[in-house]
Amino acid sequence: MSVISIAAKRGLSLKIIRPWCNLLTNSASSTRVTCLWSSTKVPEAATWEPVPESQLPPPVQVPADLVDKLERLALVDFRTKQGLDCLEKAIRFADQLHVVDTSGVEPMDSVLEDRALNLRGDAVVEGDCAEELLQLSKNTVEEYFVAPPGNIPLPTREERTAMLKHSEF
Amino acid sequence: MNKQMSMLCPKASRVIRRISTSSLRCDSQPQPRAKSAPQQLVGVVGLEVHAQINSNTKLFSGSSVRFSAPPNSLVSFFDASLPGTLPVLNKRCVEAAVMTGLALNCTINRKSLFDRKHYFYADLPSGYQITQQRQPIAVDGTLTYSLLGGTKRSQVIRKTVNIKQIQLEQDSGKSLHDDLRSQTLIDLNRAGVGLMELVMEPDMSCGEEAAAAVRELQLILQALGTCQGNMSEGQMRVDANVSVHKPGEPLGIRAEVKNINSVRCLARAIDYEIQRQIEVLQRGQTVQNETRAYDSKSGETIPMRDKEGLQDYRFMPEPNLPPLIVYEDNASLPTGIDACQAVVVHKIREGLPELPGVKRDRLVQTYGILPEHSFTLVNEDGLVEYFEAVMKVTKKEPRKVIGWVTNELLGHLKEKDMSVSHSLASLRGEPPPEAESTEQVCSQTPLSQAHWSGSQRGETPDVS
C-alpha cells in the first residue's frame, strides 16, 4: 500500500502529508514507511489464530434443569432453539480460556484494579427530585412507586413453555 | 433415637469454634425435661446485625439520610438506579466501619473488595445490592457482653461472641404493603443508605444471651457514634439464625428469624424458636431450613411466604469500584495523596471514645461500687452523667447514692415514663447547693422536688 493511501485511511489530510512524502521518497536510504505514524502497535493483518478443537475440553450440553434455573435467576426467556444455540456458542467461546496456564497467577477483577478509589466527603449534594423520578413511572400513588404485592412466583417450566408457544419470539 | 440425629448445617462458612455447652444454663429459660433423650437438646444462636451508619449522606450517593421525610424526596438518580449513574464511596462510612471494627477488636483488612449480590425485589431498583462478600473491611473480632446471673441475678457473668466479619453494604428501599388494593408502595428514601453488617458466629445458646449481646453492641455503637442503635426505628436490625442440637454433635438445621423490633422481642423470638424446634424433633420430624417472621402479638414465629427454596445470589465483583485501601499510619501513605482521600487506621484508633466496658470498670475503680451497679448505670441512657453530677456535690458514700439512684430515681422515672436524660437537663439548669445527706441533695434537684411534693399531693409534676 502506498504511503498516501495509508495516510488517507488514517484521516490525515493530503496537504499535511505531502511534504513528508517528499522527504521519504527523496531520501536515499530505504527507510521503511512505518517510521512516522508507525507508533501504533496494531498490526495490519490479524495475527491470532482460533484455538484448534482438539485443545478444547469436550463441549458442554446444557441440561433442561439448568436452563430453567438460569431463566429463573435472570428472568430472561431463552428457551428457543436460537437462544440455546447462542448459549452453547458462548460457552464454547469461553472454553478457549482453558488453554491458558494460570497456575500461580492471581485472578483480576478488572483492568482498572490499580486505580485509586475516589472517596467522597459527607455533604448532601443530591436528592429532592421526587417529582422528576415519579414522572418516570406509569403507576404512582401519592409520591410512592407502585409495585405488585411481593414477588410474583415464576410459573413452572411446563406452564412457561405453553406461554412461550404463543409469543412471537 | 435416630430420629433426633441432626444433619450437618448446609452453610459451609459456619466454622464451629466452640461447641456451646449447657453447663451454664440460662436462668430465665426453664428447660423442659425431654422424656426420651438422656442428653437435652440445646439451642444454638447466631446473629446477623445490620446497623445503619450514622452519616449525613448515603453510602454511594450524595443524598441525605433522615428517618422521616416525604416519600422519595431523599433519592438521587443513583439511588433510583437510573442508567448512567455510578457509585462514589462515602469516606465517613468507611471511617465508621473501621471505628466499629477497632472497637470490636477486629483485624482491619488493608484491602477490601466490593461485590454485587443479585436478587429481584421491588424495593431494590437496580436488581443487585453492592456489598462486600469476598473480602470485607474487618474480620475476626470479639464482642464481650455481661449477663446478670446467679441465684439473685446479682452476679455479673462475662461472655464473648466471636464476630466473623463486618462489611459495608447498601440498604434497600421500604415497601408498604397495601393488601386491600393488592399492591405494594415503594419508598426509596432508605435505598442506598450505608449499613454495617456484623456477622456473628453461632456462639450463643439462648434468647437472654442474644439480647445481652445485642444490648452491649447497641451501647458500643452509640458510644462510638457510628450508629444510633434504635431498633424500633430500624436503625439496627437483627436477624437470628436458630438451630438445636445435642452438645458435642454437629449443628442442626437452622431457621432464620426476622422481623424483630426490639431487644425484648429478640429474646422471646429466639426462645420460642428453640422451643419449637425441640418440639419438632421430639415429634420425630425434621426442622426446615426456612425463614420465619416473628409476630410480637402472639409471640410466635410463622413461616414467611415468598421463599423459593435456596436463593442463588450470583455474586460478582463490582466492576465500577476498585479495591478499597485503608492505610495503617501516615508513614504508609503513598506520596502525593490528598489527605481527604486517605483513611488512616492509626488516627481512628486514637480517636476512639470510652467504650461501655471501660466505663463500667472505671466507675467501679473510681467510686468503689459493685460491678452489677455499674452495669445498671451504663445500661440506662444518661444515668452515668446524672450519677457523676450528683457525686460531685454530695459528701455521701457512692453506694448510698447508687441505692437511691437505682431504686428511687429509676422507679419514679418509670412511673412517670420519663428518661434520665430528660431529668438531667433540668438538673443542669440549676447549680445544686451544698448538702449533707443524699436525700437532701437529691431533693434539691427540680425533678426530685417536684416528684416528692407531687407524689405527696398525688399529681404529676410539670418538668420543662
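How large is the Kirkwood hydrodynamic radius of region B:138-268, in angstrom, based on all distinct alpha carbon pairs? Please list the in-between numbers first.
On the way: mean 1/r = 0.0593 Å⁻¹.
Value: 16.9 Å, from the Cα pair sum.
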### Summary
region B:251-361: antiparallel bridges as % of DSSP beta bridges, rounded to 5, reads 50
### Task
Report Rg(Cα)/(2.2 N^0.38 Å) for region B:248-392, keeping two decimals.
1.68
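Using R₀ = 45 Å, calculate the FRET efficiency as 1/(1 + (r/R₀)^6) where r is the Cβ-Cβ separation of A:Ala64 and B:Leu333; round to 0.05. Mind showing how you got there, number by number?
On the way: r = 56 Å, r/R0 = 1.24.
My answer for the efficiency is 0.20.
In region B:69-114, which chymotrypsin sites (Phe, Trp or Tyr not before Pro) fall in coil by DSSP and have 16 or fewer other Cβ atoms within 10 Å?
On the way: sites: B:Phe77, B:Phe78, B:Phe114; in loops: B:Phe77, B:Phe78, B:Phe114.
Here no loop site has a sparse enough neighbourhood.
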## Note on the structure
Sorted by chain and then number, the residues having a modelled amide H within less than 5 Å of the amide H of B:Gln235, at least 5 places away or on another chain, are B:Asn230
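Using only alpha-carbon positions, what ratio does the radius of gyration of region B:58-202 give when scaled by 2.2 N^0.38 Å?
Numbers: Rg = 18.8 Å, N = 145, 2.2 N^0.38 = 14.6 Å.
Dividing the Cα Rg of region B:58-202 by 2.2 N^0.38 Å gives 1.29.
Tell me which GluC sites (Glu not before Pro) from region B:190-223 have a DSSP coil assignment and no more than 12 other beta carbons within 10 Å of their own.
Working: sites: B:Glu197, B:Glu208, B:Glu209, B:Glu216; in loops: none.
In loop regions of region B:190-223 (DSSP not H, G, I, E or B), there are no sparsely surrounded GluC sites (Glu not before Pro).
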## Note on the structure
In order over region A:101-116: 3J(HN,Hα) from phi, Karplus 6.51/-1.76/1.60, θ = phi - 60°, whole Hz, x for each Gly or Pro, gives 8, 10, 5, x, 10, 6, x, 9, 8, 7, 7, 9, 5, 8, 6, 7
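I'd like the mean, over residues of A:136-145, of how many other protein chain beta carbons sit within 10 Å of each residue's own Cβ.
Numbers: counts 2, 3, 0, 1, 4, 7, 3, 6, 12, 13.
Mean number of neighbouring Cβ atoms from other chains: 5.
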### Task
Averaging over all projection directions, find the projected area of the Cα convex hull of region B:321-426 and quote it in nm² with one decimal place.
11.2
#### Entry: Residues whose placed amide H lies under 5 Å from that of B:Asn90, excluding near-sequence neighbours
A:Arg120
## Note on the structure
As a Kirkwood estimate from alpha-carbon pairs, region B:325-379 has a hydrodynamic radius in angstrom of 13.9
### Task
Figure the gain on full extension for B:Ser262 and B:His177 (residue separation times 0.36 nm, minus the Cα-Cα span) and round it to one decimal in nm.
28.4 nm
### Task
Find out how many positive minus negative residues lie around B:Asp338, taking Lys and Arg as positive, Asp and Glu as negative, among other residues whose Cβ is under 14 Å from that of B:Asp338.
+2
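Can you give the mean number of other chain Cβ atoms that lie within 10 Å of the Cβ atoms in peptide A:107-120?
Working: counts 1, 1, 11, 6, 0, 4, 4, 2, 3, 8, 11, 7, 14, 14.
Shielding by partners across A:107-120 averages 6.
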## Note on the structure
Inter-part gap, Cα centre of region B:288-350 to Cα centre of region B:211-267, in whole angstrom, is 17
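Taking region B:353-386, which chymotrypsin sites (Phe, Trp or Tyr not before Pro) meet the DSSP loop condition and have no more than 12 other C-beta atoms within 10 Å?
Details: sites: B:Tyr367, B:Phe375, B:Tyr386; in loops: none.
Within region B:353-386, no chymotrypsin sites (Phe, Trp or Tyr not before Pro) qualify (loop, at most 12 other Cβ atoms within 10 Å).
How high is the relative contact order of region B:159-236, in percent, counting Cα pairs under 8 Å that sit 6 or more residues apart? The partial results should precede the final answer.
On the way: 93 pairs, mean separation 21.1, N = 78.
Relative contact order comes out at 27 percent.
Taken together, the values in this text are just the output of simple stated rules run on the coordinates, not laboratory data. Computed from a predicted model, the values in this text were never measured in an experiment. We place every Cβ from the backbone using ideal geometry, glycine too, and count neighbours over all the protein chains shown.
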